[in-house]
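Just so it is clear, none of the values below were taken in a lab; they were calculated from the coordinates. Worth saying up front: this structure is predicted, and the values here are computed from it rather than measured. All Cβ positions, glycine included, derive from the backbone under ideal geometry; neighbour counts span all protein chains shown.
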Amino acid sequence: MTKTFHRRNPISPDHAIRVLPPLMALVIPVVQTLASPPSHIVAATLTMIQCAVILNVIDHPLFCLSILTAIDATTSLHTGGNVPSAFLPALLALGYICYRYDLLVGALSTAIICLVESMGRFWHITAVPGDRDLVYTLLVVMMIACCGRMFRQQERQLRDMQEQRLSEWRIRSQRHDERLANALHDAVTGDLSLIARTAQRHIEIQPNGVIESWTSVNQWAMHALDEIHHLINHLDRQSCPRVVRIPGCSISDMQLALQYESEQLAELGLTGHANVRMLERARAVNPQDMTFITDLSKEILVNIARHATANSKYELSVLITDAAAEITEINVTDERSEILFKGGHGLAHYGRLVEQRGGTFTYSVHDNLWTLYVYYPL
């Protein structure tokens, strides 16, 4: 149970904080059952269900809250049977809901508990409007919900602080590697190049008996120069650890690929532009995603040649942000959208892949203007 919660919540409170509340909530119905055993089979069944639900409240708080609320409402409407109160376990589930889910889900769960408790209090003849016990109960429910939200906000702040510290460390490491690479280049490569050039000059002017020694010096210098260059390139990659710099997966590679496709369209009489832009604050892009975006953009340009009106214009824009890659393409056409999309089987294939990723792939034709928009989450 706890391992599943840890996998779903990589940044979570301490292990004891996640385990102790359900155990403490389980103690209450166990003690009540031992003190006052259920009087009939229905009460015993509800008690066992309540205990099983408490043990799973961490993994499935919404489902557990619905079960516990139903048990609480049942025991409020039908007194007797010595069924342990499900109010405290329901509060525990509410706390986890407010901690794990967004504000709307937490607010709806809080409202449901307040409604059930109010109906249960006013159901009995002895309850009177304005009873202080009901007010205290509702205040406790509100307090638990606020505590769950508070822990959620606190954990988000801690996560942001950790990410900020990690970013600062990466920046310092990048700057250190960049300074080291520059120092190696300035201090070592110049001297090695001078040694190699000196050896090569002596090879040309020295007699044959001395050439072998200068040849060895030249080979050693060139080998050392190559090793230094490998080290400098490695430091350069470390100082700029954006995976988009991998050959074939960078912004520049995408621009070159789209430029080539634009030149092919220009030979067919189609004029336009393919613009690629990546925001400065955008995070590193996975190489596979970068390759997919490039291939999809190329397929879009190829598809233009199939349906665009002769001697017309087109515009392709690729914007990569921190959250997604957005591709917009516009061109003039004389055909209907369903015919256009059926004609490009590769484009249909990419559309299915985008939708499987959870993105958006839309297209339309209005006033002979073909518009395609792709939202590919990263």
inquiry  = Going by amide H atoms built from the backbone, whose H comes under 5 Å of the H on M278, apart from near neighbours?
reply    = I320
task = Please tell me the relative contact order of region 251-377 in percent, rounded to the nearest whole number, where contacts are Cα pairs under 8 Å and at least six residues apart.
result = 24
request  = With a point put 7 Å past each Cα toward its Cβ, work out how far S364 is from H60 in nm, to one decimal.
outcome  = 4.1
remark   = Between T309 and residues 5 or more places away or on another chain, the pairs with built amide H atoms under 5 Å apart involve V332, T333, D334
note = DSSP beta bridges in region 251-377: the antiparallel percent, rounded to 5, is 75
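Expressed in nm to one decimal, what extension gain is obtained for the pair E299 and I41 from 0.36 nm per residue of sequence separation less their Cα-Cα distance?
86.2 nm is the gain from fully extending E299 to I41.
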task = Run the quick spin-label model on R179 and A310: label points 7 Å from Cα toward the beta carbon, then report their separation in nm to one decimal.
result = 6.5
